[in-house]
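To start, the structure itself, in structure tokens.
The values are calculated or read from the model by the stated rules, or taken from the named source; none is laboratory data. Owing to the predicted nature of the structure, the values given are computational and were not obtained by experimental measurement. Glycine gets a Cβ as well: all are built from the backbone with ideal geometry, and neighbour counts include every protein chain shown. Quick note on the areas: whole protein, heavy atoms, side chains included, nothing else; ligands and nucleic acids left out. Shrake-Rupley method; radii C 1.70, N 1.55, O 1.52, S 1.80 Å.
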Amino acid sequence: MAQGTNGVRALPPARRDDHFVFDLKNGARVWLSEAVKRNEVSAKAAQEAIRNIDGAKAVDTSEDQLKLWLGPVKDSFGFVKIGQKLMSDFNRWWRVKVEFKPGPKGDLIHIKGWPNGRKILPGTRYRVDNAKVMELQIGKPGIKVAAKESARFGLILVVGIDFAQFARDHNLAHFLASLTIDVPGVALASAIGGFLGAAATGWPIIGTFALGPAAVAFWAGVLVGVALWELDRKYHINERLTAAYQRALDGIQRRLEKAEAGAEQSIGKVVFGGILEDMQRSVDHAMQRATGSPF
């Protein structure tokens, strides 16, 4: 360390290779803080700019698309598997014909086509709540069960991705906004798909094909999911909700800090006041002993 002119050791010169790396949010925060000090930007505008950066960072199109399409891809594999079973059982697509008729103990399904080669459904008449019929999603009960399973899988998927985003970004506002959008969205898509698929069992043409109602339920769910995603992109619902949650969280934090400061001040008054009282009593006692009379 070099000696200064007055004999005091001088600080070493700053290293020119020292540097700091900020992410977008923190870099903007530093720049805006200096701009506020120079009266170039208002404090309110700077705070809003930081919130907008949070909202922009929260949106990851690739992850939103992952949440949108993994559910339908999983359902499509199940749909193809059911189609393969029906194809092997009925030999030809156009031979798979079904009719729904009311029975004394519940609705019945009459199956027509290739009766001699069936292995999965060897009979020609089943109740719609038969386990094999429900597995092939023929009839309302099977479609409703499939819709519930699809909703359960979709909820696990989107909540898992949202948790992964939160663990990576530590953005509570975006996490709450994503859950607010994703959970009702998955439930709505599955509910509409299941409702239309169940209704399609009574339609004149589609209802006569074994996979017709199931196909309606599948594509209805996909279209509802895509429509909700497009609405989110067009109206920036995720960003708006993220900003709203961030404002609420900031307000809660300010109130907690204010309450904490008030509590510390109250505790300080109590402790300091007690110390003063003890000191006063000690002084009074000392003066009393010294003078022989109360002070």
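Tabulated values for the structure
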| item | result |
| --- | --- |
| Test: residue in segment 193-215 that is open to solvent by 60 Å² or more (accessible area, probe 1.4 Å), within 30 Å of Gly139 (Cβ to Cβ) and β-branched (Val, Ile, Thr) | yes |
| Among the residues listed as Lys119, Lys101, Lys112, Lys132, the single one being under 42 Å from the mean Cα position of the chain (by Cα) and at pLDDT 75 or above | Lys132 |
| Segment 55-73, residues that are of a type in the set (Lys, Arg) and at pLDDT below 85 | Lys57 |
| Counted residues, segment 200-211 - those being in a helix (DSSP H, G or I) and in contact with a Gly (Cβ under 9 Å, 6 or more places away or on another chain) | 2 |
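Per-residue answers, yes or no, for (1) closer than 30 Å to Pro213 by Cβ; (2) buried (at least 19 other Cβ atoms within 10 Å of the Cβ); (3) not aliphatic (A, V, I, L, M):
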| residue | (1), (2), (3) |
| --- | --- |
| Leu136 | yes, yes, no |
| Val145 | yes, no, no |
| Ser150 | yes, yes, yes |
| Ile156 | yes, no, no |
| Leu172 | no, no, no |
| Ala177 | no, yes, no |
